[in-house]
Amino acid sequence: MDRSRDDLKARFENVIERIEKAAGKAGRSFEDIKIIGVTKGVDIESIRFANDLGLKAIGENRVQEARAKYGLLGRDVEWHMIGHLQSNKINHAIRIFDLIQSVDTLELARDIDARSRRIGRVMPILVQVNVASDEKKFGAAADDLYDILIEIDRLEGVKVEGLMTIAPYAEDPRDVRWCFRKLRELSEEMAGIGLKRADMRFLSMGMSGDFEAAIDEGADIVRIGSAIFGERGYNKP
Ligand SMILES: *Cc1c(COP(=O)(O)O)cnc(C)c1O
């Protein structure tokens, strides 16, 4: 086994251990936390190797890159769209992805709905919320969430399964904990507004630098790139 594989294996095992520990500390079960390995810029061999180690789901930011990888990996892994989705890529996205986590406008939800219905699919989605009102990030404003969800709930070609957020970068993860807490509170609030089809069952939050804090605040999905695959040379969100 070559060096880079040893490193990947060590990093993956370390992440698993840290998630187990964080889950235990929060009185939660490891099995209830879904790990998305973020594979932007990661080669197929490394993804396959991580898959052999037990990584079941991957997250991609770009449809173009996902398409190329999908041709090689197919349904060996579960596919998550975590980047900004352009409407001209929706037709590909709804065929590849098991969950589109980055729906941030009603308009995008409507586009996905129309195209999904055309192929007889009900596309599972998360609504991305810009909790920190970061101008450089995508995501619906927390104040608009209610109105957006009421409308999306009527679209039969999509099904809302929860919320996603990207916390601002912080040296110390304690500084972004409020962001995770806010998303959990929003999710609890939205679970009580009488939506008919939406199911607020997933909170996708936490990345390499802050997943322990996110798990402590209730994350069910963590999206981990560099802590598993090593530092990227490019493509930071
Ligand atoms: C890149 C990315 C991640 C993973 O980031 P790391 O810090 O490498 O773990 C998670 N979520 C989104 C939306 C990303 O773009």
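The values are calculated or read from the model by the stated rules, or taken from the named source; none is laboratory data. All values derive from a computational prediction rather than experimental measurement. Quick reminder, even Gly has a Cβ in these numbers, built from the backbone with ideal geometry, and neighbours come from all protein chains shown.
Values for this structure:
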{"quantity": "Residue satisfying all of: in the stretch 127-151; outside any helix (DSSP H, G or I) and touching a Leu at 6+ places or on another chain (Cβ under 6 Å); farthest from residue 63 (Cα to Cα) among these", "calculated": "131"}
{"quantity": "Qualifying residue in the stretch 44-56 (condition: within 30 Å of residue 109 (Cα to Cα), within 16 Å of the ligand (Cβ to nearest atom) and surrounded by 13 or more Cβ atoms within 10 Å (Cβ to Cβ))", "calculated": "yes"}
{"quantity": "Inter-residue pairs, beta-carbon under 8 Å, first without any contact (Cβ under 8 Å) to a residue 40 or more places away in the chain and in the stretch 68-94, second within 16 Å of the ligand (Cβ to nearest atom) and aromatic (Phe, Trp, Tyr), 6+ apart", "calculated": "70/79; 79/97; 81/97"}
{"quantity": "Scope the stretch 95-107; condition in a helix (DSSP H, G or I) and surrounded by 24 or more Cβ atoms within 10 Å (Cβ to Cβ); matching residues", "calculated": "none"}
{"quantity": "Residues satisfying the stated conditions in the stretch 59-68, i.e. out of contact with any Lys or Arg (no Cβ under 8 Å at 6 or more places or on another chain) and crowded, with 20+ Cβ neighbours inside 10 Å", "calculated": "66"}
{"quantity": "Candidate set from the stretch 212-227 (those that are crowded, with 24+ Cβ neighbours inside 10 Å and near the ligand (Cβ under 8 Å from one of its atoms)); member that is farthest from residue 179 (Cα to Cα)", "calculated": "225"}
{"quantity": "Count of residues meeting criterion [at pLDDT below 95 and touching a Gly at 6+ places or on another chain (Cβ under 9 Å)] in the stretch 134-166", "calculated": "1"}
{"quantity": "Count of the stretch 197-207 residues which are assigned to a loop (DSSP other than H, G, I, E, B), free of Cβ contacts under 8 Å to residues at least 60 places away in the same chain and crowded, with 16+ Cβ neighbours inside 10 Å", "calculated": "4"}
{"quantity": "Residue in the stretch 179-196 that is within 18 Å of the chain's Cα centre (by Cα), at pLDDT 95 or above and either in a strand (DSSP E or B) or more than 26 Å from residue 26 (Cβ to Cβ) (or both) present", "calculated": "no"}
{"quantity": "Matching residues, the stretch 57-86, being within 15 Å of the ligand (Cβ to nearest atom), closer than 12 Å to residue 96 by Cβ and among the hydrophobic types (A, V, I, L, M, F, W, C)", "calculated": "58, 63, 66, 79, 81, 85"}
{"quantity": "Candidate set from the stretch 130-176 (those that are of a type outside the set (Val, Ile, Thr), touching a residue at least 24 places away in the same chain (Cβ under 8 Å) and farther than 19 Å from residue 108 by Cα); member that is surrounded by the most Cβ atoms within 10 Å (Cβ to Cβ)", "calculated": "167"}
{"quantity": "Yes/no for residue 122 being under 23 Å from residue 206 (Cα atoms), of a type in the set (Val, Ile, Thr) and either at pLDDT 95 or above or out of contact with any helix residue (DSSP H, G or I) (no Cβ under 9 Å at 6 or more places or on another chain) (or both)", "calculated": "no"}
{"quantity": "Flag if residue 37 is at positive phi, surrounded by 12 or more Cβ atoms within 10 Å (Cβ to Cβ) and either within 16 Å of the ligand (Cβ to nearest atom) or of a type in the set (A, V, I, L, M, F, W, C) (or both)", "calculated": "no"}
{"quantity": "Residue count, the stretch 190-206 (criterion: in contact with a helix residue (DSSP H, G or I) (Cβ under 8 Å, 6 or more places away or on another chain) and either over 18 Å from residue 109 (Cα atoms) or within 13 Å of the ligand (Cβ to nearest atom) (or both))", "calculated": "4"}
